[in-house]
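Here the structure comes first, spelled out in structure tokens, and everything after it is commentary.
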Amino acid sequence: MKFFLVLLTLISFNSNAYVPTVESLLRHGSNPDVTANGVALTLEIKKIGASQGDSKDSGLFVDQKNEDFFKLYFTKVSSDLMKVAQARFANNSFGDSALIDRQFYSNFSAHALKAGGEEAEKGLFFGMLRSMIFNDGVFLINYLKTLNVPVKLNNEIINRQKVEYLASYKQYLIAINKDRTNKRSMPNPLKPADAALREKIEAVMNEPMYVDQKMVSLISEEGQMGWLISASGFEAIVSQKERDITRIKFKSTLGEFEIHCKEYWLANGTHRMPRSLIVKDFKGETYQVEIMNMKHYLEKEADLIGRLKKWDSILKGKNALEPRPPFLL
């Protein structure tokens, strides 16, 4: 039985191995599957300025202001819905006494933020983080759709006729594995006796598993091979081998928003994340975001409510006046 199922899997895999889709590239496939529904990120952020030279080199940045400190809590509800809590701290102790602000979205979907405008910075930043921490590009793709970027999910471009043929073949394999005599009475659905029908099925089986949207191409950048996603104002580069997102860019009437991912590492011992992000907002201001820690955990509703109540108790009577980086909530 296992042999036949492995065979079926190989048939399916080989059909689409050379046609990377936008969703497959934006799902951060280098990481193991995530079984937890909660992820916490600890961030240190500072506004920086670029000295003369290549602005892509993070070593050329100089401080312009003190660091900012945040903790982000993500609770996955579905492929396109999550709860997001954001806490801001006065210093890197991240202690209760340093808490100065909190934000919370109970239904953070691709439509929770306005389509376009400066809120696009938040949607793209959180969409990219969601892609990395949960191995799931659905949220980011759905948010790009709200920005009128014509990207599509895998289930929108899948070759459904091929899927149907594979499903019938799977049932055939299961049947003959249960009773070998069925092989004499059951025809192979991929090799019917009718020559015209057999030719039609063979043609479909030779097609890619997904319809090529002509948005992905293989390029070489700085001596490294990578996949370039290019779609109506949006660009992303994903490394060919590790499938790490190395850069995203979005052009709008407000300017260009960019995120450069630097120095990937095992942030929690098992899952890769960039150690730092260089973020350039629509106004041309640049920030360096250091990912200090990442933690996966099972989030219970009672724990989430308790965390929010605790923050509200600490913040009672306090007002946070200093503006946050535009890509945060």
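Every number in this text was worked out from the coordinates using simple rules, so none of it is lab data. Since the model is a prediction, treat every value here as computed from it, not as a measurement. When we count neighbours, we look across all protein chains shown, and the Cβ atoms used for this are built from the backbone with ideal geometry, even at glycine.
Annotations for the structure displayed:
- In degrees, nearest ten, helix 119-134 long axis to first principal axis of the chain (Cα): 60
- Max mean-square fluctuation residue, GNM over the chain, Cα-Cα springs under 10 Å, options Tyr165, Tyr210, Tyr143: Tyr165
- Ranking Leu72, Gln161, Ile291 by Cα position along the charge dipole of the chain, where only Lys, Arg, Asp and Glu carry charges on their C-beta atoms, puts Gln161 farthest toward the positive end.
- Only Cα pairs under 8 Å and 6+ residues apart enter the sum, and on that basis the relative contact order of region 79-228 stands at 15 percent.
- Stretchable slack from Ala36 to Arg307, in nm (0.36 nm times residue separation minus alpha-carbon distance): 95.7 nm
- Relative contact order for the chain, counting Cα pairs under 8 Å that sit 6 or more residues apart, in percent: 23
- Applying the criteria of a DSSP loop state and at most 15 other Cβ atoms within 10 Å to the trypsin sites (Lys or Arg not before Pro) of region 220-329 yields Lys241, Lys283, Lys300, Lys316, Lys318.
- Residue among Ser168, Ser217, Ser276 with the largest mean-square fluctuation in a Gaussian network model of the chain, springs linking Cα atoms under 10 Å: Ser168
- Neighbour-count ranking [beta-carbon atoms within 10 angstrom, fewest first] of Met132, Met82, Met292: Met292, Met82, Met132
- Recomputing Kirkwood radius over Cα pairs in Å from the coordinates shown identifies the correct label among [x] 22.8; [y] 22.3; [z] 20.6 as [y].
- Computed from Cα positions, the angle between helix 160-178 and the longest principal axis of the chain comes to roughly 60 degrees.
- Exposure proxy ranking, count of Cβ atoms within 10 Å, fewest first, for Ser230, Ser78: Ser78, Ser230
- Candidates Gly29, Gly226, Gly255, ranked by Gaussian network fluctuation over the chain, Cα under 10 Å, top entry: Gly255
- Alpha-carbon centroids, region 86-142 and region 232-286: separation in whole Å: 15
- At 1.306 mPa s and 10 °C, Stokes diffusion of region 64-186 via Kirkwood alpha-carbon radius, µm² per second: 87
- Between 0 and 90 degrees, the angle of helix 2-16 with respect to the longest Cα principal axis of the chain falls at about 70 degrees.
- Were the residues from Thr146 through Ser109 laid out at 0.36 nm apart, the gain over their Cα-Cα distance would be 12.2 nm.
- Ranked Met225, Met294, criterion: other C-beta atoms within 10 Å, fewest first: Met225, Met294
- Residue pairs, from the table Lys162/Lys191; Lys262/Lys295; Lys241/Lys262; Lys145/Lys200; Lys114/Lys283; Lys122/Lys251, whose Cα atoms sit over 24 Å apart: Lys145/Lys200
- Radius 14 Å from Cβ of Ala115, net charge of other residues (Lys, Arg +1; Asp, Glu -1): 0
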